[in-house]
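J.: Can you read through this structure? Questions will come right after.
The values are calculated or read from the model by the stated rules, or taken from the named source; none is laboratory data. Owing to the predicted nature of the structure, the values given are computational and were not obtained by experimental measurement. Cβ atoms come from the backbone with ideal geometry, glycine included; neighbour counts cover every protein chain shown. The accessibility values were calculated without ligands, DNA or RNA, using every heavy atom of the protein model including side chains. Shrake-Rupley method; radii C 1.70, N 1.55, O 1.52, S 1.80 Å.
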Amino acid sequence: MATLIDSNKVKYLCSCNRLKPLSYLYYCKYCKPLTLKCKDCVIHEIDQKFFCTNCLDNKVQKEVMAVKYKCSSCFNCPNCNNLLLTRASSVKIPKDTAATNQSAQTTQQPQKVYYLICVFCRWTTREVGIPDVTSVPDGWKLLENPFNKRIHELTDAYKVIAAREKLERDRKKFPALKRRSLYISGSSATSSILHSDKYGILAPAQKRLAATASIGNQNLDPQITIEQQFKSLIKPAETIDSFEELPEEFFTKGSNINSITSIAQRHANPDFQPSKTNELYPLNKFYQSKESKRCSGCEHNVLKPESNIISIKFKLHQMAVFLVPEIRIITIPEWKMDQPNEVILSVTNRYEGDVNISFLCLGDEQVPNLSNFESNSKIEFECEDTIVIDRQDNSKAVMAQLKPTDERTKGFVCFRRDNKIAVKCLVTPISKKQTDKELAHVRCIFGLNCSINIAESSSPQIQNSSSGSKETFINSVITHRIFVDFGPLKLEDGLKVVPRPRYIDDCLKNLVK
Amino acid sequence: MNFFEPFADKPAIIIDIGQAYTKCGFAGESAPHAIIPTQVTLNSQRFYLHNYKLLPHGIETLKEMFIEFLYNVYYKILNANSRERKVVIVESIMTSSDFRKTLADVLFNDFHAVSVLLIPTHLACTYTLGISRALVVDMGYNDCQIMPISDGYSLTNLCSFAKLGAKHLHDYLKILIEKYALVTVDGNRVLFSSLSNQPTLTEKILEDIKLRCCFVTSFERAQKIYKQMEIKQTDSFTDLEFQFAPECDYTIESMIVHIPGYVREMACEIFFKNEIDSDQCLQNLIIDTICKTPIDLKKEFASNVVLAGGGCMLDGFKPRLAKEINALIETKSNVFPCQKLSYHKTPSHENYTAWLGGAIFGSLDILDNYSIQNTQHKESESLPDWFSIQIRNNLVQT
C-alpha cells in the first residue's frame, strides 16, 4: 500500500512554521521547550574531511581545492554516469631493442594493459579510441581546458589593474595621511610617524604595503590610465569576420542520432561539452564530505556523523522520529460531503520510554504555516482521554491485544500491538470550504499532546561516575500540530477506497479477559 | 575586511541562474563546476524556478524554491559552507525585481552569505575578452537580448530583445513535427497527426530532438528554398522540388518517429525569417541596435560583436547569422557605416561565457568594494535596481 505510507500525507509543524513529514525533522533538546527543526531552519556545516565515495581516499579542504574536487583514480561513465571499472588484458609487445643491440629482437614480452568499462551500459574507453594504459596510477589524466592559458593571462592582467584601483581607492579614503609617510625611507626617518611606531600602526601599514607592492605599484604614474595599462599587459582579443560553414555531409548524409550526445552528457563535462559520442571521455568522480547540522536557536549540534569515513553511524542523532509518535493513515473511506466518514489512523511510538498521548480537536482554527495548508474538513475524536503507548519491546513477541483502559474508550482505540495503536476518527469534509471542487483534497489539522519522561540532560561524565544512582526524570508535555492530507475527494483513476484491514478486526475479537 | 581576510583562501562562489540552466562554480576556474537545470522538486513535483508566477502564492513559493535550490547548489554540488563564502550572481538586467529581491533575501538571511555581488550578464561577457566596448548578443531560453556595453555601463536605452529563444524554437518544432512527421505503424508510414494516442512531446523530448536532429541550414540553401516557396506561392515544404537533408529517426516512447529533412532544416528558421513581422528577426535586430547607437560608437560596436548564450551553439548558427547580416548590410549600405561586422571568439563555450566573466571578476581583490556586504543589507533591506543612480557609481571600468 504505497499510498498509505506515502510520507507526504501526514506532516508536522516545524518551529519555523514549515510543514515536513516526520522523517525530515530533527529535535533540539537544549532549546526550552523542545523544538522541532527541519532542513531549512537548521545550520548546515560541511566537514573538513573530503573523501572519494569509491576509493575512500581522504583529503583536507585545501588539497581538495587544488585538485578541483576530482578524484584522479575513480571515474564515472560519460554515457550513463555510473562507476567505471578497470579491466586488464594482456598484450604482447616486442621487447625494446636497445641501441647497442644490432640484431632484431623478435622475442615478445606479454604486458598488462588496462582499460575502463562501465558495467551498466558496456561503454569502454576503447570505443572512444583512448589507448589502453600500462600503469593504472598514471592512468587517464584529466584533460586540460584548452582555454586555460588565455583565461590565466586575462585574470593576471585584471588582477594588476584591480590592485591598482584598490590602492587608489584606499588612498582616497585616507587623504589626511601624507603619502610620503607611507614609504619608510631613510631621509624621512626622523619625521615619519610610522618609523617611530608611536601609535602602533607600523605593522598593519607594512602589511598593506607588502600586499600591493608586488603587483599594483609597478606603475603608479597617474598619466598612464588604467585602460592603457591594461592594454599594455595583455594582447587584445582577436576578431573574426566569418565563421566556418557546416560541412556538406550535414545536408547529404543521414546522421545516426546515437552518435550525437544528449544535453545531460554534454553538461556533465562543462570544459569540453563533446557533441559527438566518439569524443566522450571518462568523468572523474567528485569528492564528497559529511554534513553536520546545528540548531539555529541555541547553536548546539543536532546531527553529527562519525568522523570515520566508512562509518554510517552518528555521534549525535537527534531525529524527531525517535521522540514524536508517528501518525499514519490506515483506511480511506469513500468520501461523503458534510457527513462524518470513519477513518482509522495509526500511532507508533519510537521513543525509548512510554508515551501518553491525547488528541486535540482544533475546530475551525487555522494554523499559520508557510505551505499555505488550509484545512477544509473537520476531524473529531470521540475520546479525549490520555492513552498510553508502550515503548518498543523486542524481547518477546507480542500479540495484538487491547488493554483494559482501551475498552473504556468505547471503540476509539481499535488496535494495539507492542508500540503501535490504531484510533478511529470521524472526518467531515465541509462543502463550503472546498475552493476547487474538481481537484479538492480532504485536508484536516489536529493537535497531539504527548507526555514523555525525559532524563535530566546531564553530561556524559557525570552519568558515568554516578552510574548507580537514579536519573531524575522530568515529565514534559509537548503539543504537536499535525496536518493530514487524505487525498482527492473524488476517488477515480485507480485510487481506491482502503477498507479496514483484517488485523484490526482480529484484535477487537482478542479482548483481554 | 582589508587586512584580516579570513576567507581570502576560499574562492567566491559564482552562480549564473539562467532561465533554463544554472551554471555554478568557483572563482578563478576556467569552467563551471556543474551545469544543472534551473528546476526544483517541491512536494514530488518538478518546477522551473522562473515559473513561480504560475503557482499559487507565487512569491512565498519562490522563496521556498530558492532555499531548496541553493541548498542543493551549495551542499550537494559545490560542497561549500554558505557562511564562509562570498557570492557573485550573474543575472540579466531584465530580471524582475521580485526575483532578485527574494534571491538576495534568501542569500543573506537564510544562507548568511558574506557578501553578494550582482553582475549583469552582458557586462560579464566582456570580461572574458578584455574589451571595454562591445555589442553582446545573448541567446537564451526565454528570449534573445542584444545589449551594447561601453566602459562598464550597459546601455539599456539602446538594448533590444526579441521573443526568439529556445522556448519558441521548441514550440515551432512541435508544430512542425505534429504536422509533417511520420511514424511507422505495422510497417506503414503514417502521419504523426493521424495517430490516435499521440505521445506527448514534452519540453525535454523537444530539446533532445532539437539537439540531435535539427541544425541551421546554410544561407545559400535558405535563399533557394524561399525563392521556390515564393514562386509556387506555398507555405508548405512538401511541395517544393528542393533536395532537403535526409530524414532522421527518433524514438519516443518505443515509437519510431521519422523526422523529415525539411523539419530538420527549417525548424530554426524562426530566428532568421518572420512571416508576420519581417523586422522581428535576429539580423534586423542586431543591425537596428547598432544603428540606434551614438555616431561615435557605431564603428566600435560593429567591430566588437560578442555572441553568447546556449542558442549560439546550434550547428550552423554562426555562419548563417554572419551571412544574413552581410546580406542585410548590402541593402542598407547608405545608412550603415561599415561593410561587415567583426565577431569575437570567447575563451569558453558560449553557454557559460557570462559565468566565466563572473568567475574572472570574482577572483579579483576589488570584489569587496563592489559587493553588498551582509551588514549593509541588514541596514538598507533593499537592493538597488540596475536603473537607479546608486549603481552607476559602482561598476568596474576596464
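J.: Check which residues have an amide H placed less than 5 Å from A:THR331's amide H, if you skip close sequence neighbours.
T.: Amide H to amide H, under 5 Å and 5 or more residues apart or across chains, A:THR331 pairs with A:ILE344.
J.: Based solely on C-alpha atoms, express the radius of gyration and the Dmax of the stretch A:326-390 in angstrom.
T.: 14.3, 41
J.: What's the long-distance tail for the stretch B:151-225, i.e. % of Cα pairs beyond 22 Å?
T.: 47 percent
J.: At 0.692 mPa s and 37 °C, plugging the Kirkwood radius over alpha-carbon pairs of the stretch B:1-133 into Stokes-Einstein gives what diffusion coefficient in µm²/s?
T.: 210 µm²/s
J.: Test of understanding: in a Gaussian network model of chain B with alpha carbons linked when under 10 Å, which of B:ASN79, B:ASN51, B:ASN197 would top the mean-square fluctuation ranking?
T.: In this elastic network of chain B, the residue with the biggest mean-square fluctuation among B:ASN79, B:ASN51, B:ASN197 is B:ASN197.
J.: How big is the equivalent ellipsoid of the stretch B:35-80 along its three axes, where each semi-axis is √(5λ) from the Cα gyration tensor, reported in whole Å from largest to smallest?
T.: Equivalent-ellipsoid dimensions as semi-axes: 20, 10, 9 Å.
J.: For B:GLU379 and A:GLN108, what is the calculated FRET efficiency with R₀ set at 60 Å and r taken between the beta-carbons, to the nearest 0.05?
T.: About 0.15, to the nearest 0.05.
J.: Put a dot 7 Å past each Cα toward the Cβ at A:LYS509 and B:ARG189; how far apart are the dots in nm?
T.: 6.8 nm
J.: Suppose R0 equals 41 Å; then what is the FRET efficiency for B:ASP171 and B:LEU297 from their Cβ-Cβ distance, rounded to the nearest 0.05?
T.: With R0 = 41 Å, the Cβ-Cβ based efficiency is 0.70.
J.: If R₀ is 45 angstrom, what is the calculated FRET efficiency for the pair B:LEU54 and A:ASN301, using the beta carbon separation as r and rounding to 0.05?
T.: Taking R0 as 45 Å, the efficiency between B:LEU54 and A:ASN301 is 0.65.
J.: Taking every DSSP beta bridge that has both residues in the protein assembly as shown, what percent is antiparallel when rounded to the nearest 5?
T.: 90 percent
J.: Let me ask something else about it. Taking Rh as the Kirkwood radius, which is the inverse of the mean 1/r over Cα pairs, what is the Rg/Rh value for the stretch B:79-169?
T.: Across the stretch B:79-169, the Cα-based Rg/Rh ratio is 1.03.
J.: Under 14 Å from a label point 7 Å along Cα→Cβ of B:ASN109: give me every residue in the stretch B:42-68 with its amide N that close.
T.: Within reach of a label on B:ASN109, which here means backbone N under 14 Å from a point 7 Å along Cα→Cβ, the stretch B:42-68 contributes B:59-67.
J.: Moving on. Can you compute the radius of gyration and Dmax for the stretch B:53-129, using only the Cα atoms, both in Å?
T.: Rg, Dmax (Cα atoms, Å): 13.5, 43.
J.: A further question follows. Under a GNM of chain B (C-alpha, springs under 10 Å), which listed residue has the highest mean-square fluctuation: B:HIS170, B:HIS258, B:HIS57?
T.: B:HIS57
J.: Find the Cα radius of gyration of the stretch B:234-281, compare it with 2.2 N^0.38 Å by division, and give the number to two decimals.
T.: 1.42
J.: If you wrap the stretch A:310-460's Cα atoms in a convex hull and average its projection over all directions, what's the area in nm²?
T.: Approximately 13.5 nm², given one-decimal rounding.
J.: Are there residues in the stretch B:121-148 whose accessible area shrinks by at least 20 Å² when all protein chains are included rather than the chain by itself, and which are they (probe 1.4 Å, ligands and nucleic acids not counted)?
T.: The answer is B:TYR127, B:LEU129, B:GLY130 - residues whose exposure falls by at least 20 Å² when every protein chain is included.
J.: Sticking with this one: Once you put a point 7 Å from the Cα of A:LYS432 and another 7 Å from the Cα of A:LYS173, both along the Cβ direction, what distance in nm separates them?
T.: Once both label points are built, they end up 6.4 nm from each other.
J.: Also: Calculate the mean, over all residues of peptide A:35-46, of how many other protein chain Cβ atoms lie within 10 angstrom of the residue's Cβ.
T.: Per residue, the number of nearby Cβ atoms from other chains is 3 on average.
J.: Also, I was wondering about something else. Straight-line reach from A:LYS490: which aspartates and glutamates have Cα under 18 Å away, leaving out those fewer than 8 places along the same chain?
T.: Filter leaves A:GLU334, A:ASP338, A:GLU342, A:ASP436, A:GLU438.
J.: For A:THR53 and A:ILE93, calculate 0.36 nm times their separation in residues minus their Cα-Cα distance, and state this gained length in nm to one decimal.
T.: Using 0.36 nm per residue and subtracting the Cα-Cα distance, I get 10.8 nm.
J.: Using 0.36 nm per residue, how much length does the chain from A:LYS276 to A:ILE310 gain when fully extended, once their Cα-Cα distance is taken away?
T.: That pair, A:LYS276 and A:ILE310, stretches by 8.4 nm at full extension.
J.: Pull up the cross-link candidates among the aspartates and glutamates for A:LYS315, meaning alpha carbon to alpha carbon under 12 Å and not fewer than 8 places away within one chain.
T.: Filter leaves A:GLU306.
J.: Output wanted: per-residue J couplings in Hz (rounded whole) for the stretch B:329-345, from phi through Karplus 6.51 cos²θ - 1.76 cosθ + 1.60, θ = phi - 60°, x for Gly and Pro.
T.: Calculated HN-Hα couplings, in order: 4, 4, 6, 10, 4, 6, 8, 8, x, 10, 6, 8, 9, 10, 10, 9, 10 Hz.
J.: If you put +1 on each Lys and Arg Cβ and -1 on each Asp and Glu Cβ, how big is the dipole of the protein assembly as shown around its Cα centre, in Debye rounded to 20?
T.: Dipole magnitude for the protein assembly as shown comes out near 2360 debye.
J.: Just to be sure I understand: with springs between alpha-carbon atoms less than 10 Å apart, which residue in B:SER160, B:SER44, B:SER363 has the highest mean-square fluctuation in the Gaussian network model of chain B?
T.: B:SER44
J.: Thinking of the stretch B:204-261 as a set of Cα atoms, what percent of all their pairs are more than 15 Å apart?
T.: 58 percent
J.: Does chain B come out rounded, prolate or oblate, given a ≥ b ≥ c as the square roots of the eigenvalues of its C-alpha gyration tensor, rounded meaning a/c under 1.5 and, failing that, prolate meaning a/b above b/c?
T.: Oblate, because a/c is 1.5 or more while a/b does not exceed b/c.
J.: Among the aspartates and glutamates, select those whose C-alpha is under 13 Å from the C-alpha of B:LYS298, and discard any that sit fewer than 8 residues away in the same chain.
T.: List returned: B:ASP288.
J.: Considering the alpha-carbon set of the stretch A:239-279 alone, what are its Rg and its Dmax in angstrom?
T.: 13.2, 35
J.: Out of the total accessible area of the protein assembly as shown (probe 1.4 Å, heavy atoms of protein only), what percent is carbon and sulfur?
T.: Within the protein assembly as shown, the accessible surface is 52 percent carbon and sulfur.
J.: Next up: Distance cut-off 30 Å, Cα to Cα: go down the list A:LYS290/B:LYS10; A:LYS276/B:LYS227; A:LYS49/B:LYS86; A:LYS276/B:LYS174 and report the pairs above it.
T.: A:LYS276/B:LYS227
J.: Toward the positive end of the charge dipole of the stretch A:317-416, about the Cα centre and with charges on Cβ (Lys, Arg +1; Asp, Glu -1), which of A:VAL413, A:MET399, A:ASN369 goes farthest?
T.: In the stretch A:317-416, that residue is A:MET399.
J.: Then there's this: Tell me: how much accessible area in total is hidden between B and A, 1.4 Å probe, Å², nearest 100?
T.: Adding both sides of the contact gives about 6900 Å².
J.: Amide H of B:LEU42: which non-local residues (sequence gap of 5 or more, or other chain) have their own amide H closer than 5 Å, using H built in the peptide plane?
T.: For B:LEU42, whose amide H was placed from the backbone, the distant partners under 5 Å are B:PHE47.
J.: In whole Å, what three semi-axes, largest first, describe the equivalent ellipsoid of the protein assembly as shown built from its Cα gyration tensor (square root of 5 times each eigenvalue)?
T.: Semi-axes (√(5λ), whole Å): 54, 41, 32.
J.: Ok, one more. Rounded to two decimal places and with Rh computed the Kirkwood way over Cα pairs, what is Rg over Rh for the stretch B:233-382?
T.: 1.11
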